[in-house]
Number of protein chains: 2
Amino acid sequence: MYRIGELAKAFDVKNDTLRFYEKHGLLTPSSRSDSGYRMYSEEDKQILSFILRAKTVGFSLADIHELLSIEVDKANSACADVKVVVDAKLAEVETKMAELNHFQKSLKRLSNACCGGSESAADCTILEALASDVNNIHPEQHHHLNKERF
Amino acid sequence: MYRIGELAKAFDVKNDTLRFYEKHGLLTPSSRSDSGYRMYSEEDKQILSFILRAKTVGFSLADIHELLSIEVDKANSACADVKVVVDAKLAEVETKMAELNHFQKSLKRLSNACCGGSESAADCTILEALASDVNNIHPEQHHHLNKERF
DNA sequence: CTTGACCTTAGACCAACATCCAAGGTTTAT
DNA sequence: ATAAACCTTGGATGTTGGTCTAAGGTCAAG
């Protein structure tokens with residue numbers, strides 16, 4: 001069991017951030033000490049790790065709540081319902097991966113094109129790197145399903 | 001050339017968002033009409049596409065500005081400097097890709113585990129899917145573990 | 001039994017990223 | 001030539017995701 005400060009320190013976030021996540025239903029410490037201190041378990045730690053990782057790849061806290069509630073609602077939701085949510089998130093993940101692949105390719109091309117020496121960077125631009133890409137791919141449709149706030 | 005409303009509509013953003021990006025140096029329309037309307041070129045469209053794509057994978061506007069200014073500064077910056085920035089961003093991209101790979105694997109496992117039929121979702125949780133992964137991020141500190149009282 | 005490092009709460013405050021509004025000028029279609 | 005549908009500006013407002021403050025309780029160590 002970890003106290004709030006221990007867990008926060010381990011993940012380099014503020015205590016307040018953990019309280020914020022709790023207030024918004026993302027991470028509730030599994031127990032409290034006699035004196036009311038929040039006590040976080042290993043599983044709580046795991047959840048925090050998940051939240052922070054999901055954030056770095058562009059998921060909002062609302063998205064993350066949705067992902068986590070796959071667990072919370074398990075008694076209530078039929079497997080088919082879960083599958084719908086999971087598959088939707090999977091599609092989002094795959095879109096993001098495609099974007100990143102694209103970025104990676106462009107950046108690599110840039111990095112190689114750039115000498116790494118002291119010449120002018122005249123030919124070093126992201127847009128030039130992207131230019132070879134035929135770009136009628138619109139960034140994904142913002143499907144607004146009833147996205148409950150978290 | 002596109003007027004603001006045309007470009008905004010094409011990418012499903014608000015006109016205000018384009019003005020906001022302009023105010024913050026991310027996307028300045030390449031010209032103005034006689035009456036002062038913003039006129040966006042194909043290249044501007046390209047830049048907007050870039051901005052929105054970068055946003056979906058978790059880059060902040062500040063990050064994006066940095067990426068775009070690789071171009072803007074090209075006369076001023078030595079190639080080596082550019083390479084440093086590019087390689088740093090490349091590392092970020094690769095970190096994000098690793099996270100997403102991980103998510104993808106977990107979600108796929110979930111999707112497969114979930115029957116897609118009407119059984120209970122009892123075994124469908126992100127955390128279970130992630131459980132096989134040993135959490136390793138910040139291995140550090142642990143002077144004392146404190147006693148458990150429950 | 002006090003000191004200092006922890007923790008609690010409620011609520012104010014903040015930065016990033018938009019989004020809306022008011023008052024007015026421009027274009028296009030009828 | 002006038003309505004509808006654009007566009008301009010500056011400034012106010014909203015959402016998301018925290019971060020800080022104040023007033024006070026807890027706990028191990030000297």
query: Among the residues of the stretch A:5-35 satisfying the criterion of being in a helix (DSSP H, G or I) and either among the small types (Gly, Ala, Ser) or modelled with pLDDT under 95 (or both), which is nearest to DNA strand D (Cβ to nearest atom)?
result: A:ALA8
query: Does any residue in the stretch B:13-31 that is in the same structural domain as B:MET1 (by TED's automatic domain parsing) come within less than 8 Å, Cβ to Cβ, of a residue that is small (Gly, Ala, Ser) and within 11 Å of DNA strand D (Cβ to nearest atom) six or more places away or on a different chain, and which pairs are these?
result: B:LYS14/B:ALA8; B:ASN15/B:GLY5; B:ASN15/B:ALA8; B:THR17/B:ALA8; B:LEU18/B:ALA8
message: Just the residues that are of a type in the set (Asp, Glu), more than 8 Å from every other protein chain (Cβ to nearest Cβ) and farther than 25 Å from B:GLU92 by Cβ, please, taken from the stretch A:32-65.
response: A:GLU42, A:ASP44
Members of the stretch B:86-95 found to be closer than 13 Å to A:ARG53 by Cα and crowded, with 22+ Cβ neighbours inside 10 Å, listed by number: none
message: Return the residues of the stretch B:52-111 that are at pLDDT below 90 and assigned to a loop (DSSP other than H, G, I, E, B); say none if nothing qualifies.
response: B:ASP73, B:LYS74, B:ALA75, B:ASN76, B:SER77
message: Filter the stretch A:5-22 down to the residues that are buried (at least 19 other Cβ atoms within 10 Å of the Cβ) and aliphatic (A, V, I, L, M) and list them by number.
response: A:LEU7, A:ALA8, A:ALA10, A:LEU18
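The values are calculated or read from the model by the stated rules, or taken from the named source; none is laboratory data. Remember, it's a predicted structure, so these values are computed and weren't measured experimentally. Note: ideal-geometry Cβ built from the backbone for every residue, glycine included; neighbour counts use all protein chains shown.
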